[in-house]
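Every number here is computed from the coordinates shown, using simple stated rules; none is lab data. Keep in mind that what you see is a predicted model, and the values were worked out from it rather than measured. Don't worry about glycine lacking a Cβ; one is built from the backbone with ideal geometry, like all the others, and counts go over all protein chains shown.
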Amino acid sequence: MKVQELISKVIQKCGVEPLKVTCDQIIEGNPDMEITGIVTTFMATVDVIKKAHSLGANFIITHEPTYFTGDDERDWLEQDSVYLEKRKLIQEYGITIWRFHDHIHMATDGDGIYRGLIKELGWEEYHIAKMVKKGRKILKDDDLCYKLPKTTVRALAQELKCKLHMDVMQIVGNPDMSVERVGILVGGGSLGLGKEYMPMEFMEKENLDVLICGEILEWTICAYARDAAMMRMNKALIIPGHNRTEEAGMKYLPEWLQPLAPDVSIQFVEAGEPFTYL
C-alpha cells in the first residue's frame, strides 16, 4: 500500500469531508512510497524517528508538528542547524511523515485523542453522557465530563501520575478537596480554542470540581481556579500537560488503523514527557 492511498482511507474513515485548510499534511517524504511499516506517535522526535527505522517502519503518523511550529513552517529554518540535522536523518532513513491532527479530532465516531485518553484511564463507565441523556454541551462531543466515585484532588492526581507515567503532577487548588465531577480539556483545548474564557465557562456551566488540563495560561484558568480555592469554593485543576493528555490517543490509533492496512505492521512509539525534573 502506498502512503497517499492509506491517507485517503484514514480521512474517509474519519467520516468528514477532507479539510481544505488543515495542518494534516505530508511533512517529509513521498506520497507514492510503498509502506513497509507504520509508527504512530504524539510527536516525531529524533528518538521516535530512530526507533521507527529500527522497527523497519518507513511511515510515521504524528499528531503534532515535526518542525517546531504549529503549521510546520520552514521559511525561518532554512539555515537552522537543528532543522538541517533532523531533516538529514529523516531523508537518510527514507521515512515519510504525515501529520494527523485535525481530522482525528473531528472524526464522526468520536475524537480519537479523547477516546485514547479515556481508555488509558479506564474511565469509560464514568462518562456522564452515558448516564445523562439531556443537558448542556460545551463542545460538539460528549467526551468531556465524568462523574467519578468520590475522591480527592490529591488521590486523583496520584491516579493520573500512575496511569500517565509521570514523575510530577501540577495542581491548582486544595489537594484535599472532595472531587466527583471532572472535566477534561486535552492538549491546547484548555487554552480556550480561541476563547480565553471557555475553560472557566465550562467549569461553571458543568459544575465541575476538577478540570484536567493540557496546557494553561497562568492568568486565565489558573488564576480562576486559584481564586476559587482562596474563597474555599470547590474548584481545582490537575495539569498533566499537552503531551500527556494527548499521547494515549496515538497509542490506541494502531488498532483503529489496522483494518485499513491489514498486511502492514502498525506500532505505537511513545514520544514521552519532554521535561527533566531536578
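Calculated FRET efficiency, residue 155 to residue 197, Cβ-Cβ distance, R0 = 22 Å: about 0.15 to the nearest 0.05.
What does the charge count near residue 216 come to, summing +1 for each Lys or Arg and -1 for each Asp or Glu among other residues with Cβ under 12 Å from its Cβ?
Taking every Cβ under 12 Å from that of residue 216, the sum is -2.
Inter-label distance, residue 1 to residue 227: 5.1 nm, where each label sits 7 Å from its Cα along the C-beta direction. Taking the longest Cα principal axis of the chain as reference, the axis of helix 153-163 is set at about 20 degrees. Note on the chain: with a GNM built from Cα contacts shorter than 10 Å, the maximum mean-square fluctuation among 235, 150, 13 falls on 150.
Identify all aspartates and glutamates with a Cα-Cα distance to residue 161 below 17 Å; exclude those on the same chain that are fewer than 8 residues away in sequence. Partners within reach: 120, 176, 215, 246, 247, 270, 273. Here the Gaussian network model covers the chain, with springs between Cα atoms less than 10 Å apart; of 115, 74, 244, 74 fluctuates the most. Here the 3J(HN,Hα) profile of segment 49-62, calculated from phi with Karplus coefficients 6.51, -1.76 and 1.60 at θ = phi - 60°, is 4, 5, 5, 4, 4, 5, 8, x, 8, 10, 9, 10, 9, 10 Hz, Gly and Pro shown as x.
Annotation: the residues 3, 39, sorted from fewest to most other C-beta atoms within 10 Å of their own C-beta, follow the order 3, 39.
In this Cβ point-charge picture (+1 for Lys and Arg, -1 for Asp and Glu), the chain has a dipole of about 980 debye about its Cα centre. Legend: residue pairs 51/88; 13/88; 119/147, Cα-Cα distance threshold 23 Å; pairs beyond threshold, 13/88. Which residue fluctuates the most in the chain, going by a Gaussian network model with Cα springs under 10 Å, if the choices are 247, 85, 28? Of 247, 85, 28, the Gaussian network model singles out 85 as fluctuating most.
I want the local charge near residue 90. Using Cβ-Cβ distances under 12 Å, sum +1 for each Lys or Arg and -1 for each Asp or Glu among the other residues. Within the 12 Å Cβ shell, the charges total +1.
Treating r as the C-beta distance of residue 89 and residue 33 and R0 as 22 Å, the FRET efficiency rounds to 0.85.
Would you work out if segment 178-231 is rounded, prolate or oblate? Take a ≥ b ≥ c from the square roots of the eigenvalues of the alpha-carbon gyration tensor; rounded if a/c is under 1.5, else prolate when a/b is larger than b/c, oblate otherwise.
oblate
When only Cα pairs below 8 angstrom with a gap of at least 6 residues are kept, the chain shows a relative contact order of 22 percent. The mean sequence distance of close C-alpha pairs (under 8 Å, at least 6 residues apart), as a share of the length of segment 112-239, puts its relative contact order at 24 percent.
Between residue 163 and residue 207, the C-beta separation translates, for a Förster distance of 25 Å, into a calculated FRET efficiency of about 0.50. Structural size metrics of the chain, computed from C-alpha coordinates, are Rg and Dmax of 19.7, 60 Å.
Tell me the net charge near residue 49. Cut-off is 12 Å between Cβ atoms, residue 49 excluded, with +1 for each Lys or Arg and -1 for each Asp or Glu. Every neighbour counted, the sum reads +1.
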